[in-house]
Amino acid sequence: MATVAASTSGCLSSSQSFSCTSLEIGSGRPAEVSAVITGRRRPLVRLMEGVGPRRGRGSVAPRAALSSSVAGEAAGFAEKAATKLEEVDFEKLAEELEAASPLVIIDKALDLFGNDIAIAFSGAEDVALIEYAWLTGRPFRVFSLDTGRLNPETYQFFDAVEKHYNIRIEYVFPEAVEVQGLVRNKGLFSFYEDGHEECCRVRKVRPLRKALKGLRAWITGQRKDQSPGTRASIPVVQVDPSFEGVDGGAGSLIKWNPVANVQGGDIWNLLRIMNVPVNSLHSQGYVSIGCEPCTRPVLPWQHEREGRWWWEDAKSKECGLHKGNISEDEATPKTGNGAGPAAADLFDAPGIVNLSRPGIENLLKIGGRKEPWIVVLYAPWCSFCQEMEGSYVELAQKLAGSGIKVAKFRADGDRKQFADRELQLGSFPTILFFPKHTARPVKYPTEKRGLDSLLAFVNALS
Ligand code: SF4
């Protein structure tokens, strides 16, 4: 059972107390609260039932900003809330809420954690989280990591969101001395040379770690459909597998992923219908938005994560913020050399040639090719290879009689080094097209592995 022993300062107003007992969304909530924003009081505000202009809504005060009189009041609530949280089995709660709407999930999160939870806002479409929080009618907090490398459009968007909801976002900055050390040693764009992890660690992960140490729970905009490679299994609520909360130690922080099961298109429907401000970069083709040097627009047929750290392999496309959600199977091979002995072989179908190592070596020589070939480099234990088996078999059926050969080459275990060196294997599956008259095979460039995308690739090159 995954439980968290925690207390919370509760959903307090600065001048009037109000109960944080569970209320149904949109009904029976207190009509007025006073919210404190980053240490200064805001006037009394009316909580609308999801309609009307964004006036007088705001984040509740950070813990440090609570006055001593309010802190006294908070102690009473903390005691009640502690009892409530100790009784929560978050694994069971995740199962119960798996099919719930984001609104219901966020309402539950804010109800349970009050002032000890905050929304992590990246400056992109996760503004939907703020909209949902606003719709619950409860006070809420928002924080954002300012890495110092964001697009000007993102800063303008932050400002627009603050004005729209009448909130102050709690910006979190990296340690100046660490940024200075990195930039002086390696320059401003070292991530293009040796990967984004070091820079992300300094500018994102450590500041995030520090911010979360002041909380007992956080709300993220992670969705399963954002990255088939790294976000395939995200529960709507979980004991955070990577970070610690204010009490320290494993289990001291709860992570809420209320839009885990929501498709990107549905998020956009919400933003449009509710007239929520959006980052103007979206209209320039950006989908997933992060730091300026590491984000680019994507084409309509490309996956959104292909717009981030595009010079790196799909599996490393997480900056460390959510690495706990990468499953063991996805992150590493099952055995030291990558050979999973128990997994059944894949792509066993008529029309798919099983290439031996001499066979594929022969294909690498242009003289060894009488016709074009498409070859999947795979490992039977790889879940992404398993997922694309159906579309690849269908591709073989479609190409039967076309003069294009379809093949597979198992590239894990003792073949992996060869495949890394000679066949551009970065991650499984890798798909190569060997044109008839060109020496070097062309690597399939996208994570979309449906039949239509595979056919488009073959048609474009043959
Ligand atoms: Fe650095 Fe790029 Fe990571 Fe931003 S996304 S912290 S610029 S590596």
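Just so you know, all these numbers are worked out from the coordinates, no wet-lab data involved. Remember, predicted model here, so these are calculated numbers, not experimental data. Please note: Cβ atoms are built from the backbone with ideal geometry, for glycine as well, and neighbour counts cover all protein chains shown.
Brief remarks follow.
- Yes/no for Tyr132 being aromatic (Phe, Trp, Tyr) and surrounded by fewer than 20 Cβ atoms within 10 Å (Cβ to Cβ): no
- Residue match in region 381-389 (condition: under 32 Å from the mean Cα position of the chain (by Cα) and over 24 Å from Asp225 (Cβ atoms)): no
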